[in-house]
Amino acid sequence: MTRKKVKLAYITNDSARKATYKKRKKGLMKKVSELSTLCGIDACAIIYSPYDSQPEVWPSPLGVQRVLAQFRNMPEMDQSKKMVNQESFLRQRITKANEQLKKQRKENREKEMTQVMFQGLIGKSLNSLNMMDLNDLGWLIDQNLKEIHKRVETLNKEANNSQVVAAAATYGAGPSVEVKISPEQAERQAFEVNIDAMQRQQWLMDWINPQEPMGFGGDEVNNLPFGDANHNALWSSAFFP
């Protein structure tokens, strides 16, 4: 059975408040004992309440004095390093919450601009965007283009390595023989791979929308605002991986 969530507020009823105190005090003492035993650390607890004439201590008065003496012998900087009061604790929580909020807003903004970018690629007008939206959209497009260029470079390197291995196997080259291909051959191979990928993507888009022109302005496919028209096919892969 799920425990009912307790509202963290002062209990106005005297009998209920006293019963809650006894139950919580017992649980707190048990947790301190478990913490000290399981983790092998020095710990103590001192609880003052209006219901008892003497404070409740754990593990014993001598044990409490020993732990407090160790604490007082520490340098003042070490004593206050992780010490907080209610105000500083709340300030830390507020600062952390603001950082999380800022991070979440940034993620939401990127997702929003990504959706706008994809809608623009299928022909939706961008006239409703303001200057801030356009700046964010331009930044997002630049980041995606950088990722594409990095991926292309990685594929080119992999193609070059594959060509070297294939040439070594064809000519019977041993492990100590390095077979190289010219930069022109590597560039031509990478170009053929990119052209083949773009043709497949373009064929797929034509098959899905045979009567609808692509781009931002109908037939003006070559006037994309963020780069080469050849990127159109590359961006389409985000819709149809």
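Here LEU68, LEU62 are screened, and the one residue that is without any contact (Cβ under 8 Å) to a residue 24 or more places away in the chain and among the hydrophobic types (A, V, I, L, M, F, W, C) is LEU62. Here the helices (runs of 4 or more DSSP H) wholly within region 36-143 that include at least 1 residues being at pLDDT 90 or above and open to solvent by 80 Å² or more (accessible area, probe 1.4 Å) are 61-72, 86-121.
For region 101-141, a residue qualifies if it is in contact (Cβ under 8 Å) with a residue 40 or more places away in the chain and among the polar types (S, T, N, Q), and exactly one does: SER125.
Screening region 1-35 for residues that are more than 27 Å from VAL64 (Cα to Cα) and aliphatic (A, V, I, L, M) and picking the one that is surrounded by the most Cβ atoms within 10 Å (Cβ to Cβ) gives ILE11. Free of Cβ contacts under 8 Å to residues at least 12 places away in the same chain, part of a helix (DSSP H, G or I) and not assigned by the TED database to the domain that holds LEU134: does that describe SER15? Criteria met by SER15.
The values are calculated or read from the model by the stated rules, or taken from the named source; none is laboratory data. What you are looking at is a predicted structure, and each value in this text was computed from that prediction instead of being measured. Cβ: placed from backbone, ideal geometry, glycine included. Neighbour counts: every protein chain shown. Quick note on the areas: whole protein, heavy atoms, side chains included, nothing else; ligands and nucleic acids left out. Shrake-Rupley method; radii C 1.70, N 1.55, O 1.52, S 1.80 Å.
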